[in-house]
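Since the structure comes first, as structure tokens, the remarks are kept for the end.
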Amino acid sequence: MSPTVYVPADAAARSMGADGVARAIQTGAAQQDIDVRVVRNGSRGLAWLEPLVEVVTPGGRVAYGPVRASDVPGLYTADFLNGGSHPLFLGPTEALPWLARQDRLVFARVGVIDPLSHAEWRENGGGRGLDAALEMTPEAIVETVTGSGLRGRGGAGFPTGIKWKTVLATPAAQKYIVCNADEGDSGTFSDRMLMEGDPYTLFEGMIIAGLGVGATKGYIYLRSEYPDCERVLLAALTGARTAGLLGASVRGSGRAFDIVLRRGAGSYVCGEETALLESLEGKRGEVRYRPPMPAQVGLFGMPTALNNVVTLGSVPAILAEGPEAYRARGVGRSRGTLPFQLAGNIKHGGLVEVPFGVSLASLVYDYGGGTATGRPVRAVQVGGPLGAFLPASALDIPLDYEAFVEKGAIVGHGGVVVFDDSVDLAKMARYAMEFCAIESCGKCTPCRIGSTRGVEVIDRIRQGERRPQNVALLRDLCETMTSASLCALGGMTAWPVLSALEHFPEDFGLRPGAGSDAGALAGGS
Amino acid sequence: MPAHSHPATSPDPVATVGRAITAHAHEPGGLLPLLHAIQDELGWLPPEALPRVADVMNLSRAEVHGVVSFYHDFRLKPPGRRVVRICRAESCQAMGSDALVEHARQRLGMEMHSTRPDGGFTLEPVYCLGNCALSPSMTVDGTLHGRVDPARFDEVIDEMSPLPEASRTLACTAEAEKPL
Ligand SMILES: Cc1cc2nc3c(=O)[nH]c(=O)nc-3n(C[C@H](O)[C@H](O)[C@H](O)COP(=O)(O)O)c2cc1C
Ligand code: SF4
Ligand code: FES
């Protein structure tokens with residue numbers, strides 16, 4: 001049998017030259033006149049080792065990384081096809097401590113299988129959730145999801161089963177499943193990795209959602225910044241129709257479900273669910289007033305279950321293993337696992353799927369290995385551009401929706417962005433306001449105008465101009481934006497801004513400890 | 001095909017718009033796919049195409065313009081022959097994307113948010129490419145690059161093969177590509 005080599009086709013691996021590595025391996029094989037089967041898998045999520053090349057040996061898969069195309073001749077010399085020793089040799093992949101310590105439910109197959117092979121997907125446990133769902137009533141499906149404790153992974157953490165129950169209970173000629181694949185938060189890439197590494201599992205989750213709420217049509221709204229992902233999804237949709245997973249009769253059940261892939265157009269606010277629906281309808285991505293909720297009046301006015309990629313991707317495991325197994329993981333009201341994403345200035349960045357309850361410090365230091373620059377960690381932002389900045393002294397906090405909210409922070413989509421001690425938090429606060437100004441949909445004045453004013457006020461504070469007055473003004477502005485904005489873009493931009501001010505007052509030219517008290521200022525005029 | 005990569009040949013805009021209309025005009029909410037289809041082929045949305053789009057979609061011209069102007073991706077001016085997008089979101093900032101932007105401006109001799117007068121490059125920011133574990137990131141003509149320090153930036157620019165003659169018609173001026 002010809003040797004099998006895995007070279008990820010994940011966008012992150014490709015950004016580090018994986019295509020060249022795959023070509024070099026083929027070239028080497030041709031030169032040695034051997035037949036090598038190169039499989040383009042998803043990423044295992046150890047980003048600092050990408051491209052991570054795996055070879056199938058009698059003892060299982062062994063890994064080499066990070067491999068550059070120029071390393072490939074040396075790998076052949078070292079007999080890597082038989083797991084030969086080489087400076088890049090990492091050992092058996094699944095024994096790598098980073099992977100061995102994870103609890104991969106949603107990402108069980110990502111990096112393991114050929115993402116486009118329906119057969120490999122089935123052999124590796126794919127589709128078992130759908131097998132179960134096809135035998136169940138819609139009510140039982142919704143009940144199972146509710147019982148698992150699954151909450152939305154897109155940011156708001158709303159219980160998925162409850163949303164589905166509303167859609168199920170709303171009669172309509174047509175209902176929709178909409179998958180939010182807009183993944184706009186900086187520091188996040190779990191949606192992308194799941195879609196590129198195991199697209200059939202996302203489709204499976206959408207089909208189960210369709211069976212649960214009575215929808216026959218799904219849309220995936222994919223951000224335009226993910227062209228690699230778009231290619232994978234298009235190919236996978238064809239594959240799924242050929243395999244009978246999608247179509248007029250899902251797996252011969254007589255029940256229809258199909259999916260349309262749509263591309264966004266570079267707007268962050270279109271990740272907000274109602275703006276996303278407007279965009280899908282071909283309009284400007286402006287946020288809608290609620291009620292009505294999308295679950296009742298959603299896409300094209302019809303009841304719509306709108307969920308994040310990872311939410312939908314978690315559903316198959318819940319149906320396959322039962323709600324109790326899922327619920328057994330996690331803490332408090334945060335049940336199950338979350339694929340955390342370690343990013344920014346971090347030595348070992350990538351994807352860590354573990355149950356809720358892990359501490360932020362453990363993610364940053366035990367998995368992440370501290371900063372990439374080797375300097376001390378100064379701040380960590382969790383949950384994207386609307387998430388608070390936490391100081392290095394406050395990382396001993398469990399990843400749990402409620403524990404984070406207590407600290408004025410959010411878990412959001414699980415992105416963890418690390419900054420070393422060279423960061424200027426006043427500059428980051430300014431950026432938070434600037435980002436809000438750039439991405440505001442324009443519907444409410446506090447967001448549209450307030451964010452631009454916020455940039456100006458922070459500029460003045462940074463320049464030392466009338467600091468006490470300007471800090472007070474910034475607080476007022478934050479309060480207005482928080483209380484009078486229609487959606488979380490305007491409504492939560494204050495979180496990164498005020499947390500920066502509170503924890504890092506010295507960056508604003510204030511006395512340490514003065515950030516939460518505008519009266520106790522150092523300097524300023 | 002990504003919205004910002006160039007076709008190898010220069011298609012006939014009228015035919016492109018016609019094809020996009022045939023493919024998407026009847027799709028529910030088909031305006032975005034239709035606009036993407038035009039821009040995928042032409043690299044931008046020629047303003048003269050928009051009235052026709054408005055007509056077939058049963059929308060006013062103002063409505064179509066409202067949609068086009070809302071989304072950062074849509075271009076009403078032709079981009080340069082190469083489109084460089086540097087990520088400016090938090091994770092990439094944590095890894096020095098400000099310095100990278102500065103380097104790119106120097107190296108390409110241009111400002112952010114602009115197209116060079118010779119039509120060689122468009123340089124613009126992007127807010128997260130989903131490659132945050134390998135920050136800083138950028139794309140060149142839609143191809144993603146990770147861990148881009150100034151040296152890597154120069155390598156990527158230097159390694160780029162010359163563009164086929166046909167796509168040069170997209171340039172603002174007919175001037176040939178100058179050595180940088
Ligand atoms: C400004 C803004 C941007 C958002 N971006 C995303 C996004 O990119 N992806 C996502 O799944 N949810 C995003 N959300 C949350 C969605 O509005 C919505 O809560 C979520 O998609 C629902 O799915 P879930 O319950 O499965 O999380 C965003 C919200 C806001 C206010
Ligand atoms: S808060 Fe901002 S983004 Fe949200 S609806 Fe208002 S203007 Fe639009
Ligand atoms: S923040 Fe730059 S790729 Fe995500």
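Could you please let me know if A:C441 is within 11 Å of ligand 2 (Cβ to nearest atom), closer than 22 Å to A:D507 by Cα and buried (at least 22 other Cβ atoms within 10 Å of the Cβ)? No: the conditions fail for A:C441. Within region A:77-95, the residues that satisfy the criterion of being surrounded by 18 or more Cβ atoms within 10 Å (Cβ to Cβ) and either touching a helix residue (DSSP H, G or I) at 6+ places or on another chain (Cβ under 6 Å) or not aromatic (F, W, Y) (or both) are A:A78, A:L81, A:G83, A:L88, A:L90, A:T93.
When B:D55 is tested against the conditions (1) away from every other protein chain (no Cβ under 12 Å); (2) in contact with a Ser or Thr (Cβ under 7 Å, 6 or more places away or on another chain); (3) acidic (D, E), the lone failure is (2). Of the residues in region A:227-242, none is closer than 18 Å to A:T144 by Cβ, away from chain B (no Cβ under 13 Å) and of a type in the set (S, T, Y). Name the single residue that is farthest from ligand 3 (Cβ to nearest atom) among those in region A:278-301 being outside any helix (DSSP H, G or I) and in contact with a strand residue (DSSP E or B) (Cβ under 6 Å, 6 or more places away or on another chain). By that ranking, first place goes to A:G298.
Right, A:V310: within 22 Å of A:T188 (Cβ to Cβ) and within 14 Å of chain B (Cβ to nearest Cβ) or not?
Details: within 22 Å of A:T188 (Cβ to Cβ): yes; within 14 Å of chain B (Cβ to nearest Cβ): yes.
Judged against the criteria, A:V310 is a match.
The sole residue among A:S267, A:S249 that is touching a Lys or Arg at 6+ places or on another chain (Cβ under 8 Å) and either of a type in the set (G, A, S) or not assigned by TED's automatic domain parsing to the domain that holds A:R448 (or both) is A:S249. Answer yes or no as to whether A:V56 is assigned to a strand (DSSP E or B), without any contact (Cβ under 8 Å) to a residue 40 or more places away in the chain, over 30 Å from A:G357 (Cα atoms) and more than 14 Å from every other protein chain (Cβ to nearest Cβ). Judged against the criteria, A:V56 is not a match. Residue under question is A:E324, and the condition is that it be surrounded by fewer than 17 Cβ atoms within 10 Å (Cβ to Cβ), out of contact with any strand residue (DSSP E or B) (no Cβ under 8 Å at 6 or more places or on another chain) and either facing chain B (nearest Cβ under 10 Å) or in contact (Cβ under 8 Å) with a residue 60 or more places away in the chain (or both); does it hold? For A:E324, the condition - surrounded by fewer than 17 Cβ atoms within 10 Å (Cβ to Cβ), out of contact with any strand residue (DSSP E or B) (no Cβ under 8 Å at 6 or more places or on another chain) and either facing chain B (nearest Cβ under 10 Å) or in contact (Cβ under 8 Å) with a residue 60 or more places away in the chain (or both) - is met.
Beta carbons closer than 7 Å, at least 6 apart along the sequence or on distinct chains, never pair a first residue in region A:10-24 that is closer than 12 Å to B:A133 by Cα with a second that is of a type in the set (S, T, Y) and surrounded by fewer than 24 Cβ atoms within 10 Å (Cβ to Cβ).
Please indicate, with yes or no, whether at least one residue in region A:193-205 is in contact with a Pro (Cβ under 7 Å, 6 or more places away or on another chain), within 16 Å of ligand 2 (Cβ to nearest atom) and in the same structural domain as A:G239 (by TED's automatic domain parsing). No: region A:193-205 contains no residue that is in contact with a Pro (Cβ under 7 Å, 6 or more places away or on another chain), within 16 Å of ligand 2 (Cβ to nearest atom) and in the same structural domain as A:G239 (by TED's automatic domain parsing). Only strands (runs of 3 or more DSSP E) whose full extent lies in region A:371-489 are considered here, and none of them has at least 2 residues that are at pLDDT below 95 and within 16 Å of ligand 3 (Cβ to nearest atom).
Test B:P78 against the criterion of being part of a loop (DSSP other than H, G, I, E, B), more than 9 Å from chain A (Cβ to nearest Cβ) and at pLDDT below 95, and give yes or no.
Working: part of a loop (DSSP other than H, G, I, E, B): yes; more than 9 Å from chain A (Cβ to nearest Cβ): yes; at pLDDT below 95: no.
No; evaluated as a whole, the condition is false for this residue.
Count of region B:72-112 residues, restricted to those that are of a type outside the set (G, A, S) and closer than 18 Å to A:R430 by Cβ, is 9.
Only one of these is outside the structural domain of A:G210 (by TED's automatic domain parsing), free of Cβ contacts under 8 Å to residues at least 40 places away in the same chain, farther than 26 Å from A:A11 by Cβ and under 29 Å from the mean Cα position of the chain (by Cα): A:A63, A:A78, A:A95, A:A140. Name it.
Details: A:A63 fails: farther than 26 Å from A:A11 by Cβ; A:A78 fails: under 29 Å from the mean Cα position of the chain (by Cα); A:A140 fails: outside the structural domain of A:G210 (by TED's automatic domain parsing).
Only one candidate qualifies: A:A95.
Applying the set (1) among the small types (G, A, S); (2) within 10 Å of another protein chain (Cβ to nearest Cβ); (3) assigned to a loop (DSSP other than H, G, I, E, B) to B:S69 leaves exactly one unmet item: (3).
From the list A:A29, A:A22, the one residue that fits, being surrounded by fewer than 23 Cβ atoms within 10 Å (Cβ to Cβ), away from chain B (no Cβ under 14 Å), in a helix (DSSP H, G or I) and among the small types (G, A, S), is A:A29.
Within region B:100-111, which residues are more than 19 Å from A:A432 (Cα to Cα) and either more than 11 Å from ligand 3 (Cβ to nearest atom) or within 16 Å of the chain's Cα centre (by Cα) (or both)? Passing the criteria: B:E102, B:H103, B:A104, B:R105, B:Q106, B:R107, B:L108, B:G109, B:M110, B:E111.
With the condition kept exactly as written, say whether any residue in region A:208-215 is more than 19 Å from A:G154 (Cβ to Cβ) and of a type outside the set (S, T, N, Q). Yes: one or more hits.
The values are calculated or read from the model by the stated rules, or taken from the named source; none is laboratory data. As the structure is a prediction and not an experimental result, all values here were calculated from the model. Neighbour counts run over all protein chains shown; Cβ positions are idealised from the backbone, glycine included.
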